[in-house]
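A short write-up of the structure that comes next.
The values are calculated or read from the model by the stated rules, or taken from the named source; none is laboratory data. Here the structure is a predicted model, which means the values were calculated and not measured. In this analysis, Cβ positions are derived from the backbone assuming ideal geometry, glycine residues included, and neighbour counts consider all displayed protein chains.
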Amino acid sequence: MKKNKTSKRSFSQGLKRVFEVFLQSLGFLLSVVVILFIYANLPAKVNKDDVAIGVTFSSIYAEQIGLNWKDAYIAMLDDLKIRNVRLPIYWDRVEKVEGEYDFSDIDWQLDEAAKRGAKITPVVGQKVPRWPECYVPKWVGEDPSNLDQPRLKEKLLAFEEVVINRYKDGHPEIVRWQVENEPFLNFGICSKVDTGLLDSELAKVRQLDSTRPIVVTDSGELSLWVNAAKRADVFGTTMYREVYSAEMGHWRYPIGPNFFKIKQLIIKLFAKQDNAIVIELQGEPWVGGWTTDAPIDVQLASMNAEILRDNVEFAKKTGMKEIYIWGVEWWYWMNIAQNNPTVWEQAKLLIEENNTK
């Protein structure tokens, strides 16, 4: 009987000890989270070094909001003096029919950039910037979220080989390639990430053009970056401060610039990556539905000249030396279609002040 009591007492003490260790561990983890949250929101100094300001330009999106996309592109180069451009190559536009290629729009954009000494980062892949993100031709498969993977891999790699071989020589304006867009973020209508396919794409591009670095991108707020960063020569993060959802409406991420400094340290430690840039900084409204369908006052509530400047200053505080802003087509639409040049003119000032390289 005494032995049973002793056993029960030992079990009870052991259980109590396990519970104490659990609470201590949980307390430690919560303390770390609180400390990191406080640090992430501490005031940060503005980077006073030169910062290269660029944009993403989408001919498709410009068309969708009723613009002459060539006029918008030239205005971007000549009026804003943009000299760093991320340029999506839309597979379903270039290869509408299998084996037949129309690069005329891409050629034109590259030629105009070259005339002005602009630096271009083309984006290749099945998933490239602008909704619906996935631009797989219908002849590959009708449902981009559920494609035959061996067929997709064969056709995608073949297309990327054609693109790289076309532009790897004689195009000094191309300074690097981006392969896929946020491949580890389940966003858009593409199928979920296939890391094997992504690795095959990266290997193919490196094999065909070993002279240019490769950018791999990931979500700024929803990822630890490691998977993308360890595959990249240059890692690119998105940076969205005010977001919208049907359930919550508009809300702002409760994080400061130091949040991104922490994540830069993470990829330096765990991905051996110390070359991070802001590949997509919020520069246009995020509203429910199509942006330009919303009332102008609703659009300007979530993006205007003051917010744009604040976002750029926020991005500079992260210490990253390149900042590509999202929304140049919307700025131009506000300027010429709505007779509201405020955001366009603010962008021009920001580019002048930051000595775009």
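Among the numbered conditions (1) loosely packed, with under 13 Cβ neighbours inside 10 Å; (2) at pLDDT 95 or above; (3) under 22 Å from residue 61 (Cα atoms), the only one that residue 143 does not meet is (2).
Regarding the stretch 166-177, can at least one residue be identified that is assigned to a helix (DSSP H, G or I) and surrounded by fewer than 19 Cβ atoms within 10 Å (Cβ to Cβ)? There is at least one residue in the stretch 166-177 that is assigned to a helix (DSSP H, G or I) and surrounded by fewer than 19 Cβ atoms within 10 Å (Cβ to Cβ). Residues in the stretch 124-131 include none that are buried (at least 19 other Cβ atoms within 10 Å of the Cβ), modelled with pLDDT under 95 and of a type outside the set (S, T, N, Q). I'd like to know if the stretch 195-208 contains one or more residues that are surrounded by fewer than 17 Cβ atoms within 10 Å (Cβ to Cβ) and in a loop (DSSP other than H, G, I, E, B). No, every residue in the stretch 195-208 fails to be surrounded by fewer than 17 Cβ atoms within 10 Å (Cβ to Cβ) and in a loop (DSSP other than H, G, I, E, B).
Can you name the residue in the stretch 75-100 that is touching a residue at least 24 places away in the same chain (Cβ under 8 Å) and surrounded by fewer than 14 Cβ atoms within 10 Å (Cβ to Cβ) and, of all such residues, is farthest from residue 157 (Cα to Cα)? The residue in question is 78.
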